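**Q** Take a look at this one; I'll ask things after.
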Amino acid sequence: MDILEKKIELLKKIINESSYTVMLGGSGMMREGGYQGLKSPEQAYETEKKYGLSPEDIFTTVFYNNRTEQFFNFYRTEILGNIPQITESAYVAARMEAAGKLQCIIDSNVYDLPQRGGCKNVISIHGSIYHNQCPHCGRQYSMEYIRDSEKIPRCENCGRVIRPGVTLYGEMLDSLVMSEATRQVEQAEVLMLMGTSMESEVFSKYIRYFEGKKLVIIHSEEHFMDEKADLVIIDEPKNVLPRLGF
């Protein structure tokens with residue numbers, strides 16, 4: 001039995017003995033589906049080359065409010081035009097949940113990958129491209145409505161500009177969502193970091209509340225903070241989770 005097999009056997013034992021397991025899904029899960037993300041060096045370079053501005057300049061409330069047509073041109077092309085495929089990781093997570101071995105997923109991406117894979121108890125801390133609404137009357141709109149609209153998508157009821165259901169750069173996260181994510185981490189007996197690290201800009205604020213038994217990291221890149229975890233597997237989650245037997 002090689003080192004990886006031993007680690008997978010240990011992971012099986014950790015999960016099976018846990019009464020409450022929470023998974024944090026990072027950008028690595030999105031990359032598995034074929035999209036590098038706005039903050040990747042390649043995507044940032046292409047955005048600057050194409051639009052003359054960085055993603056941090058365009059994907060903001062300032063652009064949404066003041067340069068609305070340009071904002072939605074970017075949003076349709078770069079966000080809605082790069083929806084990641086569902087990977088085996090999401091399907092395995094759903095089977096773990098159905099088996100009572102995964103109680104919650106806290107997802108940092110906006111593409112509903114766990115939900116599309118069949119997971120039910122998911123906290124999408126940055127919102128979702130699939131849930132949009134009019135900021136004036138509250139009418140809900142689908143991703144397809146924004147994608148297929150010409151120029152600026154407007155509410156059919158009141159004519160106001162529809163607000164994408166995602167957190168833009170510089171915006172505060174929803175306090176209720178943050179509180180629930182924190183509560184889940186506090187409650188966890190096992191915390192699994194999938195495609196992210198302990199120093200994640202997104203998740204570090206939640207990880208500090210973990211007081212459970214086992215911290216597991218499955219990520220393709222090594223990090224100096226990995227030593228604080230009880231189990232580290234340097235690989236993509238899609239190569240590890242299917243081997244758990246769910």
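Read the figures in this text as sums done on the coordinates, not as results from a lab. As the structure is a prediction and not an experimental result, all values here were calculated from the model. Cβ placement follows ideal geometry from the backbone for every residue including glycine, while neighbour counts extend to all protein chains displayed.
**Q** Name the residues whose placed amide hydrogens come within less than 5 Å of the amide hydrogen of I123, ignoring near sequence neighbours (fewer than 5 apart) on the same chain.
**A** It is I105, I106, D107, by chain and number.
**Q** While we're on this one: Hey, rough spin-label estimate for Q43 and R67, points 7 angstrom out along Cα→Cβ, what's it come to in nanometres?
**A** Going from the Q43 label point to the R67 one covers 1.9 nm.
**Q** Another question, if that's okay. Beyond a 28 Å Cα-Cα separation, which of these cross-linked pairs lie in this structure: K12/K228; K151/K205; K6/K205; K120/K238; K39/K214?
**A** K151/K205; K6/K205; K39/K214
**Q** For the pair Y145 and E186, how long in nm is the line joining their label points, each one 7 Å along Cα→Cβ?
**A** My value for the distance between the label points is 3.6 nm.
**Q** What is the set of long-range amide H partners of G212 at a cut-off below 5 Å, with H atoms built 1.01 Å from backbone N?
**A** Here nothing satisfies the definition.
**Q** What does the charge count around H219 come to, taking other residues whose C-beta lies under 14 Å from its C-beta (Lys +1, Arg +1, Asp -1, Glu -1)?
**A** Net charge around H219: -4.
**Q** May I ask for log10 I(q)/I(0) of the chain at q = 0.10, 0.11, 0.16 Å⁻¹, from a Debye sum over the Cα atoms as equal point scatterers with solvent left out?
**A** For the chain, the Cα-only Debye profile gives -0.51, -0.61, -1.16.
**Q** Determine ³J(HN,Hα), in whole Hz, for all residues of the stretch 165-173 in sequence, where each value follows from phi through the Karplus function 6.51 cos²θ - 1.76 cosθ + 1.60 and θ = phi - 60°; x replaces Gly and Pro.
**A** Working through the residues one at a time gives x, 10, 7, 8, 4, x, 7, 6, 6 Hz.
**Q** Magnitude of the Cβ-charge dipole of the chain, K/R +1 and D/E -1, about the Cα centre, nearest 20 debye?
**A** I would put it at about 640 debye.
**Q** Report, by chain and number, residues whose modeled amide H sits under 5 Å from the one on V232, excluding near sequence neighbours (fewer than 5 apart, same chain).
**A** I217
**Q** From the phi of every residue in the stretch 87-99, what ³J(HN,Hα) in whole Hz does the Karplus formula 6.51 cos²θ - 1.76 cosθ + 1.60 yield, where θ is phi - 60° and glycine or proline is x?
**A** 9, 4, 4, 5, 5, 5, 4, 5, 5, 4, 4, 5, 7
**Q** Moving to a separate point now. Neighbouring Cβ atoms within 10 Å as the yardstick, rank T77, T167 fewest first.
**A** Sorted ascending by nearby Cβ count, the order is T77, T167.
**Q** Right, next: Which value in nm describes the separation of the simple spin-label points at R76 and K228, placed 7 Å from the Cα toward the beta carbon?
**A** 4.4
**Q** Could you work out the local net charge near T61, counting Lys and Arg as +1, Asp and Glu as -1, over the other residues with Cβ closer than 14 Å to its Cβ?
**A** -1
**Q** What residue among P114, P237, M29 has its Cα farthest toward the positive end of the dipole of the chain, where the charges are +1 on Lys, Arg and -1 on Asp, Glu, each on the Cβ?
**A** Of the candidates, P114 comes out farthest on the positive side.
**Q** How would you classify the stretch 151-217 from its alpha-carbon gyration tensor, with a ≥ b ≥ c the square roots of the eigenvalues: rounded for a/c under 1.5, else prolate if a/b is greater than b/c, otherwise oblate?
**A** Prolate shape, in that a/c is at least 1.5 and a/b is the bigger ratio.
**Q** A further question on this structure: With runs of 4+ DSSP H residues as the only contributors, calculate the mean residue ellipticity of the chain at 222 nm using -39,500 (n - 2.57) per run, divided by the residue total and rounded to the nearest 500.
**A** Calculated from helices alone, the mean residue ellipticity at 222 nm is -10000 deg cm²/dmol.
**Q** Over the residues of the stretch 51-160, compute the C-alpha Rg and express it relative to 2.2 N^0.38 Å.
**A** Scaled against compact globular proteins, the figure is 1.24.
**Q** In whole Hz, what ³J(HN,Hα) sequence does the stretch 8-18 give by Karplus (6.51, -1.76, 1.60; θ = phi - 60°), x for Gly and Pro?
**A** Each residue of the stretch 8-18 in turn: 5, 4, 5, 4, 4, 5, 4, 5, 5, 8, 7 Hz.
**Q** Pulled fully out, how much extra length does the chain show between C137 and N121, if you take 0.36 nm times their separation in residues and subtract their Cα-Cα distance?
**A** Full extension of this stretch gives 3.0 nm more.
**Q** Give me the net charge for the shell around K151: Cβ to Cβ below 11 angstrom, other residues only, Lys and Arg +1, Asp and Glu -1.
**A** 0
**Q** May I ask for the angle, rounded to the nearest 10°, between helix 41-51 and the longest principal axis of the chain, with both axes built from Cα atoms and the value confined to 0 to 90°?
**A** Approximately 0 degrees, to the nearest ten.
**Q** May I ask you to order 89-97, 200-208 by the average number of other C-beta atoms within 10 Å around their residues, highest value first?
**A** Per-residue Cβ counts within 10 Å, averaged per peptide and sorted highest first, yield 89-97, 200-208.
**Q** If you build a Gaussian network model of the chain, linking Cα atoms that sit under 10 Å apart, which residue out of L102, L113, L168 swings the most?
**A** L168
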